[in-house]
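Scroll down for the structure; my scribbles are underneath it.
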Amino acid sequence: MARDNRDRDRDERDSEFVDKLVHINRVAKVVKGGRRFGFAALVVGGDQKGRVGFGHGKAREVPEAIRKATELAKRELVRVPLREGRTLHHDVAGRHGAGKVILRAAPPGTGIIAGGPMRAVFETLGVQDVVAKSLGSSNPYNMVRATFDALKREDSPRSVAARRGMKVSTLQARRRDLDDAGAAGAEG
């Protein structure tokens with residue numbers, strides 16, 4: 001009975017899980033009879049509700065490499081706090097190796113303005129409005145890892161308020177005051 005419940009829970013989790021293939025790399029090993037090909041797949045997956053992960057799988061066949069990468073992506077999910085379930089709470093930068101990314105919160109209707117590998121991360125995460133720029137390395141592995149580094153630095157107002165020992169409403173009131181002052185400065 002417990003096993004049936006566990007399988008049903010896993011099926012429900014898998015049904016809401018969306019995965020995107022970011023990159024496939026083909027490598028060749030030269031042997032006596034010719035070349036042996038191997039494939040490496042980079043997959044990003046998430047539930048489109050604030051959880052996302054990535055996986056890297058290698059195999060002799062493409063479907064097997066993708067399956068391995070997807071399994072790893074499901075195991076390595078991280079939760080990212082989102083504002084109104086559609087954008088980031090604040091601007092953030094991340095890096096991995098020579099890959100650097102800058103992620104910016106955006107107003108409603110902006111859409112996902114981001115390059116290839118980063119776009120896949122945001123689509124599976126469930127972000128609808130974000131502006132992102134990658135600098136340095138265009139290697140998909142480094143870009144995805146840099147994006148995850150940035151997303152791990154993302155803080156929600158609730159966690160910031162708890163860390164500072166203040167109320168969330170006080171913190172958000174300050175933010176609204178700053179937004180109003182910025183808008184007034186832009187008009188004048």
- Straight-line reach check, Lys32, cutoff 17 Å on alpha carbons, 8 or more apart in-chain or any other chain, hits among lysines -> none
- Angle, helix 168-187 long axis vs. longest principal axis of the chain, Cα atoms, 0 to 90°, nearest 10? 80 degrees
- Message: In whole percent, and with a 1.4 Å probe on the protein chains, what portion of the accessible area of region 32-188 is carbon and sulfur?
- Response: 51 percent
- Query: How much FRET efficiency would the formula 1/(1 + (r/R0)^6) give for Ile24 and Arg86, where r is the Cβ-Cβ distance and R0 is 45 Å, rounded to 0.05?
  - Reply: 0.90
- Item | Exposure rule at most 12 other beta-carbon atoms within 10 Å, DSSP loop GluC sites (Glu not before Pro): the chain longest free segment | 85-188
- Taking DSSP loops as anything outside H, G, I, E and B, show the longest stretch in the chain free of trypsin sites (Lys or Arg not before Pro) there with at most 14 other beta carbons within 10 Å. 61-152
- State the Cα centre-to-centre distance between region 134-171 and region 31-90 in whole Å. 20 Å
- Message: Output the 0 to 90 degree angle, nearest 10, between the alpha-carbon long axis of helix 140-152 and the longest principal axis computed from the alpha carbons of the chain.
- Response: 40 degrees
- Message: Modelling each spin label as a point 7 Å along the Cα-to-Cβ direction, I'd like the Ala93/Val78 distance in nm, to one decimal.
- Response: 1.8 nm
- How fast does the chain diffuse by Stokes-Einstein, in µm²/s, taking the Kirkwood radius from C-alpha pairs at 37 °C and 0.692 mPa s? 177 µm²/s
- Task: From zero up to wherever the largest Cα-Cα distance of region 80-178 sits, split into 5 Å bins and tell me the percent of pairs in each.
- Result: 2, 14, 23, 23, 16, 11, 7, 3, 0
- Item | Charge tally in the Cβ shell below 10 Å around Leu103, where Lys, Arg are +1 and Asp, Glu are -1, Leu103 excluded | +1
- Nearest 10 degrees, 0 to 90: helix 2-16 Cα axis against the chain principal axis: 70 degrees
- For the chain, report the accessible area per residue in Å² (1.4 Å probe, heavy atoms, rounded to an integer). 60 Å²
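The values are calculated or read from the model by the stated rules, or taken from the named source; none is laboratory data. Just so it is clear, the structure is predicted and the values come from calculations on it, not from any experiment. Glycine also receives a Cβ, built like all others from the backbone with ideal geometry; neighbour counts cover every protein chain displayed. SASA here: full protein model, heavy atoms, side chains in, ligands and nucleic acids out. Shrake-Rupley method; radii C 1.70, N 1.55, O 1.52, S 1.80 Å.
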